[in-house]
1. Among the residues of the stretch 393-414, what is the count of those that are part of a strand (DSSP E or B) and either among the basic types (Lys, Arg) or modelled with pLDDT of 95 or more (or both)?
2. Would you point out the residue of the stretch 360-391, among those that are under 20 Å from the mean Cα position of the chain (by Cα) and of a type in the set (S, T, N, Q), that is farthest from residue 259 (Cα to Cα)?
3. If I filter the stretch 501-525 down to residues being of a type outside the set (A, V, I, L, M, F, W, C) and more than 22 Å from the chain's Cα centre (by Cα), which single residue comes out as surrounded by the most Cβ atoms within 10 Å (Cβ to Cβ)?
4. Quick test of your reading of the structure: residue 133 fulfils all but one of (1) under 23 Å from the mean Cα position of the chain (by Cα); (2) surrounded by fewer than 21 Cβ atoms within 10 Å (Cβ to Cβ). Name the failing condition by number.
5. Looking at the stretch 1-34, which of its residues are under 26 Å from residue 173 (Cα atoms) and part of a loop (DSSP other than H, G, I, E, B)?
6. Take residues that are more than 28 Å from residue 447 (Cα to Cα) and at pLDDT 95 or above and tell me which of the strands (runs of 3 or more DSSP E) falling wholly in the stretch 198-274 contain 2 or more.
7. Cβ-Cβ below 6 Å, separation at least six or inter-chain, first residue in the stretch 434-452 and within 17 Å of residue 503 (Cα to Cα) and among the hydroxyl-bearing types (Ser, Thr, Tyr), second at pLDDT 95 or above and part of a loop (DSSP other than H, G, I, E, B): which pairs?
8. Take the residues in the stretch 89-116 that are aliphatic (A, V, I, L, M) and part of a loop (DSSP other than H, G, I, E, B); name whichever of them is nearest to residue 390 (Cα to Cα).
Amino acid sequence: MRDFQTPGRSAVFAQNGMCATSHPLAAQVAIDILKRGGNAMDAAIAGAVVLGFCEPQMTGIGGDCFVLMSPAGQDNVVGMNASGTAPLGARADRLRARGVQQIKHDTPESITIPAAVDGLCQMSEKWGKLGLDTILQPAIHYAEEGVPVAPRVASDWKDDCGHLNEAARNFYLSDGKPLKTGDIFRAPQQAEVLRRIAKQGRSAFYSGEVAEDMVGSLRAAGGVHQLADFAALKAFETTPISGSYKAHDLLEHPPNGQGATAHLILNILSHFDLSTMDPFGVKRTHIEAEATKLAYDTRNRFLSDPDHMRKLDHMLSLETASKLAALIDPKRAIANTTSISESVHKDTVYITVVDKDRMSVSLIYSIFHGFGSGIASEKFGILFHNRGSGFTLTPGHPNEYGPGKRPMHTIIPGMLAKQGRVVMPFGVMGGEYQANGHARLLTNMLDYGMNPQAAIDGPRAFAYDGVLNLERGHAPDVAQRLADMGHKIATPGTAIGGAQAIYLHESGVLEGGSDPRKDGCALGY
C-alpha cells in the first residue's frame, strides 16, 4: 500500500473497460468509444490518433506503430507491424560515397514511408466494430478545434523544436516560438486528411493529393521517395515472441522491433536473485545495468528487418543468456560494450485498452525523435518520422540501409500472460530505454511484489552508450557507490520514459497504472 502522506497516485480500478495512456483527453476518448459500443481496438485507435494532436512532438500520422492484441474470449495474441520501409531508391553505397557515416535524424534519408495509417486502417477493418468514420471523429474534432498544451508536452516542445524546417515551423510554432502550457494547438489541415481517411480508407493517405503533398515535400528536401513507395507500403500481421520469467510469459513483438532484447535482459537477470536486493539500491541497479549493456550489444549486432534477421534464436536462447550472465562481475562495471552509430531518442506514445469482453490492445505509436525528422509536408503539415536513422551504414550489416528495408525499431508493445491467460497489456516509452523498461517494470512486479502503479512510479536507471543515467528518486549514496564500482553516472535532463499498464485480475476487476512522468492517466468505467 502506498504512503498516502507522500506524493503519488493510486491505481485506478474498474469492471467494464479501461484505458491507460499518456494524455487524459485521449484516455477519455477511448472510454467514450467503449461506452458507445466500440471494442478495445476501436477505442485504442481513436485514442491513439487523438494523441497525435495532444502530443504532436511524439507522434502523428507521419509515424509508425506496433500493436499486440488479444481477442475477446481467446488466449492467443496477434501482432501488427506497421513500420515503414526505406524507399526503393535508398542506397547505402551512395551515402558512403558522399562521405556520410551516419544517417542524421533531420535528413530526408532518415524518413521511411509512414506506416501507422495503413496499420490502423487494417486493424479497424479486421478487429474493430465501429469503422473508421466513427472512430476518427474525435481526432478530427481535436485537430480542428485544438488541444490545450499540457505541461510535459510544453517542456518537450521547447526542447525539441530546434530542427524544424520552414514548413514544420509554420505548422508547429506560434509566431516562430514553441507553444507553452495552456496554448491551443490546432492542425486543421490534418483534420482534412483524417476526414478523407475516414471516408476512403488508406488510399486517401497513400495515393492522391495527400501522397503527392508528402512525396513532393520529401523530394524538395532531397529525398528519393516516389509515389510508388507510398502506394506499395503495407503493414502486416505478426506472431509474438514469448519467453518465461517467474512463472509468467512475456509476449513481445518480433523484429524489427527490439522485443527480443527485453527477453534477453530478463533471461540474464534470471541468473541473479533480485528479490534479495534493495529494489532501488546499488546491487540491483548494477546487475540490471550490466545485463542491459550486454543485451543491447547483442541487439545492435543482430537485430534488423525481419527478412534480414538471422540471429533471433540466438537472442532468445537461454544458453546465450547464461553465457552473458557469467560475464557480469557483481562488484565491478564492465567496459561499455555498445558502439553503434544509430541515433538515440526519447519520444513515443503508448495506449492500452481493455473492454468489457476482455479484448486487450497494446499499441505504441511514434515519430521517433522529438518532432521526428523536423520535416513536414507543405500543404497538410504531416510531420515525418525519422526511423531511417535507426539503420546503420556498415556494409553487410543485417540492419544496413537499403531499398524496401525496415530499420531496427525501438518501440515495443508488451503483454504479460500467466498460465495461458493474458493478465497485463503494458508499454514503456522512452526510445532506446524500452527493452530495459519492460524488464524493470516486470521485475518490480514479479521479484518485488509491486502493483502496476508502484512498479511504474519507482525511480529508473538506464545504462546506455557508456553512461548510467539515474533518476533523482534514488537515495543520495547510490550514485556515489555505483561510481566507485566503475559506472559513469549522470542525471538525465528529463525523466526516463513513461509507462502504462492494465492488470486483469481473475475476479474480473481491471487495475490501471499510469506514469506520473507524463501528463496522462488511467480511466475506467
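1. First, the residues of the stretch 393-414 that are part of a strand (DSSP E or B): 400, 409, 413-414.
From the residues that got through so far, the ones that are either among the basic types (Lys, Arg) or modelled with pLDDT of 95 or more (or both) too are 400, 413-414.
Here the count works out to 3.
2. Taking the stretch 360-391 first, the residues under 20 Å from the mean Cα position of the chain (by Cα) are 360-374, 382-391.
Restricting the remaining residues to those that are of a type in the set (S, T, N, Q) gives 360, 362, 366, 373, 386, 389.
Working: 360: 18, 362: 13, 366: 16, 373: 24, 386: 20, 389: 19 Å.
Filtering the stretch 360-391 for residues that are under 20 Å from the mean Cα position of the chain (by Cα) and of a type in the set (S, T, N, Q), the one farthest from residue 259 (Cα to Cα) comes out as 373.
3. As a first pass, look at the stretch 501-525 and keep what is of a type outside the set (A, V, I, L, M, F, W, C): 503, 505-508, 511-520, 524-525.
Imposing the further condition that a residue be more than 22 Å from the chain's Cα centre (by Cα) reduces the set to 505-508, 524-525.
On the way: 505: 11, 506: 8, 507: 7, 508: 10, 524: 21, 525: 14.
Here the residue is 524.
4. Going through (1) under 23 Å from the mean Cα position of the chain (by Cα); (2) surrounded by fewer than 21 Cβ atoms within 10 Å (Cβ to Cβ) one by one, residue 133 breaks only (1).
5. If the condition is that a residue be under 26 Å from residue 173 (Cα atoms) and part of a loop (DSSP other than H, G, I, E, B), then 22, 23 are the ones that fit.
6. Details: elements: 236-238, 241-245, 248-252.
Strands (runs of 3 or more DSSP E) meeting the threshold: 236-238.
7. As it stands, the answer is 448/279, since those pairs meet every condition given.
8. Filtering the stretch 89-116 down to residues aliphatic (A, V, I, L, M) leaves 90, 92, 95, 97, 100, 103, 111, 113, 115-116.
Next, from what is left, pick out any that are part of a loop (DSSP other than H, G, I, E, B): 90, 100, 103, 111, 113, 115.
On the way: 90: 14, 100: 15, 103: 8, 111: 10, 113: 14, 115: 16 Å.
By that ranking, first place goes to 103.
The values are calculated or read from the model by the stated rules, or taken from the named source; none is laboratory data. Model, not experiment: these values are computed from the prediction. No Cβ is skipped: glycine too gets one built from the backbone with ideal geometry, and neighbour counts run over all protein chains shown.
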